[in-house]
1. State yes or no: is residue 176 more than 22 Å from residue 91 (Cα to Cα) and polar (S, T, N, Q)?
2. Taking the criterion of being open to solvent by 20 Å² or more (accessible area, probe 1.4 Å), outside any helix (DSSP H, G or I), within 28 Å of residue 154 (Cα to Cα) and not hydroxyl-bearing (Ser, Thr, Tyr), would at least one residue in segment 58-76 satisfy it?
3. Give the residue that is surrounded by the most Cβ atoms within 10 Å (Cβ to Cβ), with candidates limited to residues of segment 14-42 that are near the ligand (Cβ under 8 Å from one of its atoms) and of a type in the set (Asp, Glu).
4. Residues 190, 176, 197: which one is open to solvent by less than 10 Å² (accessible area, probe 1.4 Å) and not hydrophobic (A, V, I, L, M, F, W, C)?
5. Pick from segment 249-279 the residues that are on the phi < 0 side of the Ramachandran plot and part of a loop (DSSP other than H, G, I, E, B): which of them is surrounded by the most Cβ atoms within 10 Å (Cβ to Cβ)?
6. Going through segment 131-144 one residue at a time, which ones are within 20 Å of residue 221 (Cβ to Cβ), open to solvent by 10 Å² or more (accessible area, probe 1.4 Å) and touching a Pro at 6+ places or on another chain (Cβ under 7 Å)?
7. Checking the conditions here, which among 11, 45 is β-branched (Val, Ile, Thr), within 7 Å of the ligand (Cβ to nearest atom) and touching a residue at least 12 places away in the same chain (Cβ under 8 Å)?
8. Give the residue, chosen from 7, 32, 24, 40, that is of a type outside the set (D, E, K, R), part of a loop (DSSP other than H, G, I, E, B) and touching a Leu at 6+ places or on another chain (Cβ under 9 Å).
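The values are calculated or read from the model by the stated rules, or taken from the named source; none is laboratory data. Quick caveat, the model's predicted, so the values are computed rather than measured. Because the Cβ atoms are built from the backbone with ideal geometry, glycine has one as well, and the counts that use them run over all protein chains shown. Just so you know, the surface numbers come from the protein's heavy atoms only, side chains and all, with ligands and any DNA or RNA stripped out. Shrake-Rupley method; radii C 1.70, N 1.55, O 1.52, S 1.80 Å.
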Amino acid sequence: MAPIRIAVIGVGKIARDEHLPSIARDSRFELAALVSGSGAQAPGVPTFRDAAELYAALPDLDAVAICTPPSARPALVREAIDAGVDVLMEKPPTPTVGELRDLAAHAGAAGRVLFTTWHSQYNAAVEALRDRLAGRTLKRLAITWKEDVRRWHPNQDWIWETAGFGVFDPGINALSILTRVLPEPAFVRSARLLTPSNRAMPIAAEIAFTSRALADGGEMTAVFDWRQTGDQTWEIAADLADGTALRLTGGGTTLAVDGVTVEDAPRHEYDRIYARFAGLVASRDSHIDTAPFELVADAFLVGRREDVEPFED
Ligand code: NAP
């Protein structure tokens, strides 16, 4: 079968670190072009300043991966669907839940494949945790996602703006694991949104959830914090009602049960994302998962904004 001719739109950190290498490793794809406002280059392929130029120049293009910040994505996705190509979307997919639903309907009506990626879901340890939670009741589940914003998002001003998501940009990765592994949905009961007084979006958040997966008196919480220097923490601790202690660490790469590591696979998230996209393109199915996104939206709906000290990069 001929490879899927794909262009990458928005060539920043994630496009360079993950998308371009995964596309290069996967023989089911052929990189056809870049679209880059800043003129980023890749060997052997043209760079276009905007997507309209891309579609005009390459009528045989099959797909695009949209790796811009979320604010730019709705217009780019609609333009891609109208140009007749399939679409892979980085997370978070859009600024609002409504826009994602609108794009899903548009892709469906046009017969194009739309794929909302949540990269943290593509780890073997996440699947292992899901298997161990199936049909079980939880006494406690605690998400701790603490990292240094200056290390991971240097000078990304967009991330502090509305539709930039603030600390929910990494936090949504934890929520995408939560929605993948829980046997019953979680709902946001309350949230504190700790927001620098000079920024629109939070630098830290504390969320309490309810869920039918919890035993009576059980607790489900998440703490996201961008102010952690030194060791970085991306973990989910789940204690079952029967006393079993499950610990997912390393952002979803390692699972321990009662202190014994049962799954510890290297991170191949983006290779798996592209394998999945190749399958969707072949079967002409979309995969649109709104669940992590709805939890973020609900946290902002019921959350209480609390001002904290100003943040300067
Ligand atoms: P980034 O380094 O700031 O790159 C984003 C790129 O998008 C820019 O370099 C620019 O590329 C293009 N762009 C188009 N419109 C833009 C706008 N209004 N503002 C800024 N850039 C614009 O960001 P990133 O870290 O790659 O993140 C992009 C998306 O990937 C985000 O949704 C993020 O949540 C997700 N993501 C990031 C990571 C990570 O580790 N950084 C991990 C997983 C997912 P051109 O100049 O080429 O047009």
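1. For residue 176, the condition - more than 22 Å from residue 91 (Cα to Cα) and polar (S, T, N, Q) - is not met.
2. yes
3. Filtering segment 14-42 for residues that are near the ligand (Cβ under 8 Å from one of its atoms) and of a type in the set (Asp, Glu), the one surrounded by the most Cβ atoms within 10 Å (Cβ to Cβ) comes out as 18.
4. 176
5. 253
6. 136
7. 11
8. Being of a type outside the set (D, E, K, R), part of a loop (DSSP other than H, G, I, E, B) and touching a Leu at 6+ places or on another chain (Cβ under 9 Å) holds for just one of 7, 32, 24, 40, which is 40.
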